[in-house]
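Q: This is the structure I have questions about; it appears just below.
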Amino acid sequence: MVVSLNNLDLVIKKLKHIIDNRDIVVLLRGDLASGKTTLVKNYVKSLGLEDRVTSPTFSLQTLYGKDIFHYDVYNKTLDEFIALGLLEEFEKEGIHFVEWGDEKLEAILKDYGFNVLTVKIKKLEKKREYIIES
């Protein structure tokens, strides 16, 4: 699905349909400035939450509302992420958005029985392509 950044409603609508109020880990993949945090920001806004959404690059985890979790593993290896106990965070009920979640993390999550959804974001000129894989 190719959309402009100011027309993310179509992507959000599709995500909400797939997620459908279930506990899930959404792995966000894309280059720097591809729109990973923007996607989370628009998702949170679509729920009527007024939380300020920013990239959790240095905090590693942010909570919006009572059950929307947002992680950024850009500055951490998978081993560091696990050693910090963040893998256990996925056991909490809610939607867990993980920026920079790679294939290794995806395999571990699936091995543990988590519901995993991958969103790949490709930068195009003034638009983005969103590839959603469940």
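Q: Please tell me if PHE90 is in contact with a His (Cβ under 6 Å, 6 or more places away or on another chain) and touching a residue at least 40 places away in the same chain (Cβ under 8 Å).
A: Judged against the criteria, PHE90 is a match.
Q: For region 68-78, which residues satisfy the criterion of being modelled with pLDDT under 95 and either not charged (D, E, K, R) or not in a strand (DSSP E or B) (or both)?
A: TYR71, VAL73, TYR74, ASN75, LYS76, THR77, LEU78
Q: Going by the conditions given, is THR57 at pLDDT below 95 and either among the hydroxyl-bearing types (Ser, Thr, Tyr) or loosely packed, with under 15 Cβ neighbours inside 10 Å (or both)?
A: yes
Q: Here's a follow-up. Quick one: would you say LEU8 is buried (at least 20 other Cβ atoms within 10 Å of the Cβ), under 18 Å from ARG128 (Cβ atoms) and either under 13 Å from the mean Cα position of the chain (by Cα) or of a type in the set (Val, Ile, Thr) (or both)?
A: no
Q: Could you tell me how many of the residues in region 95-134 are surrounded by fewer than 16 Cβ atoms within 10 Å (Cβ to Cβ), under 19 Å from ILE19 (Cα atoms) and of a type in the set (Asp, Glu)?
A: Adding up the residues that qualify gives 1.
Q: Limited to region 12-22, what total is found for residues that are over 13 Å from the mean Cα position of the chain (by Cα) and at pLDDT 90 or above?
A: The total comes to 4.
Q: Now for a different question. Between a residue in region 45-63 that is farther than 18 Å from ASN6 by Cα and among the charged types (D, E, K, R) and any residue that is surrounded by 15 or more Cβ atoms within 10 Å (Cβ to Cβ) and at pLDDT 90 or above, which pairs come within a Cβ distance under 6 Å, given they are 6 or more apart or on different chains?
A: ASP51/VAL44; ASP51/TYR64
The values are calculated or read from the model by the stated rules, or taken from the named source; none is laboratory data. These numbers come from a predicted model, not from an experiment. Quick reminder, even Gly has a Cβ in these numbers, built from the backbone with ideal geometry, and neighbours come from all protein chains shown.
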